[in-house]
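Here is the structure we will look at, set down as C-alpha cells.
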Amino acid sequence: MRPVQAAPAYHLILEGILILWIIRLLFSKTYKLQERSDLTVKEKEELIEEWQPEPLVPPISKDHPALNYNIVSGPPSHNIVVNGKKCVNFASFNFLGLLDNPRVKAAALASLKKYGVGTCGPRGFYGTFDVHLDLEDRLAKFMKTEEAIIYSYGFATIASAIPAYSKRGDIVFVDRAACFAIQKGLQASRSDIKLFKHNDMTDLERLLKEQEMEDQKNPRKARVTRRFIVAEGLYMNTGTICPLPELVKLKYKYKARIFLEESLSFGVLGEHGRGVTEHFGISIDDIDLISANMENSLASIGGFCCGRSFVIDHQRLSGQGYCFSASLPPLLAAAAMEALNIMEENPGIFSVLKEKCKRIHKALQGISGLKVVGESLSPAFHLQLKDSTGSREKDVKLLQEIVNHCMDRSIALTQARYLEKEEKCLPPPSIRVVVTVEQTDEELERAAHTIKEVAQAVLL
Amino acid sequence: MNIGVAHSEVNPNTRIMIRRGLWLTYALGVGLLYIILLSIPFFGVPVAWTLTNVIPNLGMYVFLHAVKGTPFETPDQGKARLLTHWEQLDYGVQFTSSRKFFTISPIILYFLASFYTKYDPTHFILNTASLQSVLIPKMPQLHGDRAFGINKY
C-alpha cells in the first residue's frame with residue numbers, strides 16, 4: 001500500500017470527489033431532458049372530462065363531389081362513355097392518344113402472357129424484371145441523361161424524390177402553384193420551405209438574396225445547408241410553363257439545385273417531346289433531377305426520375321416509394337416502352353398537338369364570364385370564372401352546372417378538384433380542359449362552341 | 001422471416017451502446033491495448049498505464065463527442081444531423097445504464113492509471129486532463145451545448 005500513502009493530498013481529494021461522483025451516478029434515476037409536465041393531476045382530469053370526441057364521419061353535404069361521381073364504362077380514350085352517355089373526352093390527360101393505341105395494347109398483352117399481372121414485391125425482393133431495367137435504359141436514352149429510375153405510382157415519384165435529398169435544415173424554394181404531390185414531398189422532407197410567387201423570378205431572386213445574406217452572417221451553418229429549387233415544367237394548376245432559362249441562371253448564381261417536375265410537359269413540349277429543357281434549348285446537364293409521371297403522355301402508370309447516375313443511384317436506397325412499394329407491373333412497363341417507341345417514331349405528333357392547343361385556345365377566348373388560364377402551348381388549361389361570386393362553394397356549383405350541361409351535349413369536361421383543407425395555396429375553382437392529339441378540328445370547334453353557349457346560358 | 005427482430009428504432013446509434021457484449025468488448029479492448037503497450041520494449045509500466053488511460057479517452061472523445069450525425073442515412077430525415085453520438089444515445093434520456101457505464105469506466109481507468117504511475121506529477125497532469133476532456137462533455141447540463149460555437153454545424 002506504499003504508493004497510496006505516498007500520494008499527494010490534492011490527488012487523494014480529487015479521487016474522493018470522483019468516488020462521490022460515481023456513487024451519485026449509480027444512484028441517479030434516468031430522466032428525459034425536456035420533461036414538461038406543467039399540468040397538475042387535477043388539471044389533467046379536467047381536460048379529460050371536457051373532451052368531446054369528434055364524430056368518426058364528419059357531417060358532409062349531400063352534393064359533395066366525392067358522393068356524386070360519374071361512372072365511366074370502357075376506356076377513357078377519345079370517346080368516353082360517362083354515365084351511359086357517349087361523349088368526346090376533354091378531361092383525361094391522354095395527350096398523345098396512346099391510351100387506346102393497338103400497338104401499346106398488344107405489347108401489354110404479350111407482356112401479360114409472359115409475366116402475369118403483378119410483380120408481388122418491391123424492387124429489392126425479386127420485383128425487378130428485365131422490362132423494368134429495359135424501360136429505365138430507354139427512358140435514360142430518350143431523355144439523354146445517364147440513368148433513370150422507375151416508380152410504380154406517379155404521385156409517389158416526386159413525393160419520394162424530394163425527401164430523399166432534402167432533409168431537416170435544408171432549404172427548398174418552391175413555386176406557390178406547385179401540385180399536391182410536390183407539397184406532400186416537401187412536407188415529408190421536413191425542410192424549410194420558402195414559397196415564391198407563381199413564375200415570378202424577381203420574387204425568387206429576392207428570397208435567394210435574403211438567404212444569401214443569412215448565409216453570410218452564419219457561414220458555418222451555410223456550408224451544411226443544401227438549397228433546392230423545385231419547379232414544374234408545365235404547371236398543372238395554372239397551365240403555365242416555368243421560365244427555365246432564368247431558373248438556371250439563378251441556380252448558378254445562388255448555388256442551388258434544381259428539381260424539375262415534368263409530369264405534364266414530358267411528351268408535350270419540345271421538338272421530340274423531351275420536355276421543357278428541349279423546349280427552351282437548355283442542356284439537360286444543367287438540371288439536377290427531372291421527375292415525371294408516365295400517367296399522362298405515356299398512358300401507363302408510374303413515374304420516373306432521370307439525371308446523372310450519381311444523383312439517381314441515391315434513390316435506389318433512399319427513395320421510399322422505390323424501396324417500399326411493389327414495383328411496376330411488367331405489362332405497364334411494356335406498354336410504356338411501346339409508347340416511347342411510338343413517340344420516337346413519329347415526332348410529328350408534338351407539333352400537331354401544339355397546333356390543336358393553339359386553335360382551341362384562340363377559340364375559347366372571349367367567352368362571357370369565363371377566362372382562359374394557361375399558355376396557348378399547354379394542352380391542359382383552366383377556365384376560371386371572370387368574376388367570382390364570393391364563395392367558393394357557389395363558384396364550384398356554377399362551374400359544375402356548366403360541366404353538366406356540356407356533358408348533356410356530349411362534351412366530357414371536369415372541374416379541377418383539390419383537397420381544400422390540405423392545399424397550401426388553394427387555386428380558384430376552374431374547369432380543366434385537356435386537348436389531345438386524337439381530337440379532330442371539328443370536335444375542337446364544336447367543344448369551343450358548346451362551352452361558349454353553355455357559359456352564356458348559365459352565367460348570364 | 002425472423003421473429004422478434006423487427007424494431008422501430010430509426011436511428012441505430014441510440015441503442016448501440018446497450019447491445020449485448022459491447023461493454024465486455026470495450027473492457028477487453030482496453031485490456032488488450034494495455035498488454036500491447038506493455039509489450040513495446042521502451043515503455044515502462046507508468047507510461048503504458050498513462051497511454052492506456054489517454055488513448056481510449058481520446059477515442060471516446062472523438063467518436064462520442066466530436067463527430068456529429070450518423071454514418072448512415074436514417075429514415076427520420078436527419079433529426080440527428082447536428083447531434084453528437086453521446087447526445088443521440090437513448091434519444092437524449094439522461095442517466096441510462098449505458099451512459100453510466102461510459103462515464104464510470106474512464107474514472108476506473110483513471111484510478112488504476114494514477115495508482116500505477118505512483119502519482120507522478122507529469123503523469124498526473126496528463127491523466128487528469130484526459131479524464132476531464134471525457135467527463136465534462138458527458139454532464140447532462142452540457143447536453144447540446146457547443147462551447148464558443150465550435151463544432152456547431
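The values are calculated or read from the model by the stated rules, or taken from the named source; none is laboratory data. These figures come from a predicted structure and were not determined experimentally. Here the Cβ positions follow ideal geometry from the backbone for every residue, glycine too, while neighbour counts run over all protein chains shown.
The table below lists the values:
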quantity: Selection count, the range A:125-138, where residues are assigned to a helix (DSSP H, G or I) and either of a type in the set (Val, Ile, Thr) or within 14 Å of chain B (Cβ to nearest Cβ) (or both); calculated: 1
quantity: Residues of the range B:90-115 satisfying the condition of being touching an Asp or Glu at 6+ places or on another chain (Cβ under 8 Å) and either buried (at least 18 other Cβ atoms within 10 Å of the Cβ) or farther than 14 Å from B:LEU126 by Cα (or both); calculated: B:THR96, B:SER98, B:ARG99, B:SER114
quantity: Residues that are hydrophobic (A, V, I, L, M, F, W, C) and more than 14 Å from every other protein chain (Cβ to nearest Cβ), drawn from the range B:34-52; calculated: B:ILE35, B:ILE36, B:LEU37, B:LEU38, B:ILE40, B:PHE42, B:PHE43, B:VAL47, B:ALA48, B:LEU51
quantity: Tally of residues being in a helix (DSSP H, G or I), more than 13 Å from chain B (Cβ to nearest Cβ) and closer than 14 Å to A:ILE258 by Cβ across the range A:158-174; calculated: 2
quantity: Only listed residue being of a type in the set (Asp, Glu), outside any loop (DSSP other than H, G, I, E, B) and either surrounded by fewer than 16 Cβ atoms within 10 Å (Cβ to Cβ) or under 15 Å from the mean Cα position of the chain (by Cα) (or both), chosen from B:GLU87, B:GLU9; calculated: B:GLU87
quantity: 1 or more residues at pLDDT 95 or above, of a type outside the set (Val, Ile, Thr) and surrounded by 16 or more Cβ atoms within 10 Å (Cβ to Cβ): qualifying helices (runs of 4 or more DSSP H) within the range A:175-287; calculated: A:180-189, A:201-217, A:244-254, A:276-280
quantity: Enumeration of residues in the range B:143-153 that are in a helix (DSSP H, G or I) and either within 11 Å of chain A (Cβ to nearest Cβ) or crowded, with 16+ Cβ neighbours inside 10 Å (or both); calculated: B:GLY149
quantity: Flag for A:LYS141 being touching a strand residue (DSSP E or B) at 6+ places or on another chain (Cβ under 7 Å) and away from chain B (no Cβ under 14 Å); calculated: no
quantity: Leading residue by the ranking (farthest from the chain's Cα centre (by Cα)) among those in the range A:32-72 that are under 30 Å from A:GLN400 (Cα atoms) and surrounded by 10 or more Cβ atoms within 10 Å (Cβ to Cβ); calculated: A:ASP63
quantity: Tally, over the range B:124-141, of residues that are more than 11 Å from every other protein chain (Cβ to nearest Cβ) and either under 16 Å from the mean Cα position of the chain (by Cα) or of a type in the set (Asp, Glu) (or both); calculated: 6
quantity: Set B:PHE72, B:PHE115, B:PHE124, B:PHE63: member being without any contact (Cβ under 8 Å) to a residue 24 or more places away in the chain, among the hydrophobic types (A, V, I, L, M, F, W, C), out of contact with any strand residue (DSSP E or B) (no Cβ under 6 Å at 6 or more places or on another chain) and closer than 30 Å to A:SER189 by Cα; calculated: B:PHE63
quantity: Counted residues, the range A:288-324 - those being at pLDDT 95 or above and part of a strand (DSSP E or B); calculated: 9
quantity: Residues (of a type in the set (Ser, Thr, Tyr), part of a helix (DSSP H, G or I) and facing chain A (nearest Cβ under 10 Å)) located in the range B:90-105; calculated: B:TYR91, B:SER97, B:THR103
quantity: Residues being buried (at least 18 other Cβ atoms within 10 Å of the Cβ), within 14 Å of another protein chain (Cβ to nearest Cβ) and in contact with a helix residue (DSSP H, G or I) (Cβ under 7 Å, 6 or more places away or on another chain) - total across the range B:58-84; calculated: 3
quantity: Residue tally, condition within 22 Å of the chain's Cα centre (by Cα), among the polar types (S, T, N, Q) and buried (at least 21 other Cβ atoms within 10 Å of the Cβ), over the range A:79-104; calculated: 1
quantity: Test: A:GLU35 is more than 30 Å from A:MET337 (Cα to Cα) and modelled with pLDDT of 90 or more; calculated: no
quantity: Any chance B:ILE55 is surrounded by fewer than 18 Cβ atoms within 10 Å (Cβ to Cβ), more than 14 Å from chain A (Cβ to nearest Cβ) and more than 19 Å from the chain's Cα centre (by Cα); calculated: no
quantity: Some residue of the range A:141-154 being in contact (Cβ under 8 Å) with a residue 24 or more places away in the chain and either in the same structural domain as A:PRO75 (by the TED database) or on the phi > 0 side of the Ramachandran plot (or both); calculated: yes
quantity: Any hit, the range B:106-123, residues being more than 8 Å from chain A (Cβ to nearest Cβ) and within 14 Å of B:LEU64 (Cα to Cα); calculated: yes
quantity: Enumeration of residues in the range A:388-427 that are under 17 Å from A:PRO76 (Cα atoms) and surrounded by fewer than 13 Cβ atoms within 10 Å (Cβ to Cβ); calculated: none
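Residue-by-condition table, conditions (1) outside the structural domain of A:LYS354 (by the TED database); (2) touching a residue at least 60 places away in the same chain (Cβ under 8 Å); (3) over 20 Å from A:SER410 (Cα atoms):
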| residue | (1), (2), (3) |
| --- | --- |
| A:LEU56 | yes, no, yes |
| A:PRO76 | no, no, no |
| A:GLY84 | no, no, no |
| A:ASN89 | no, yes, no |
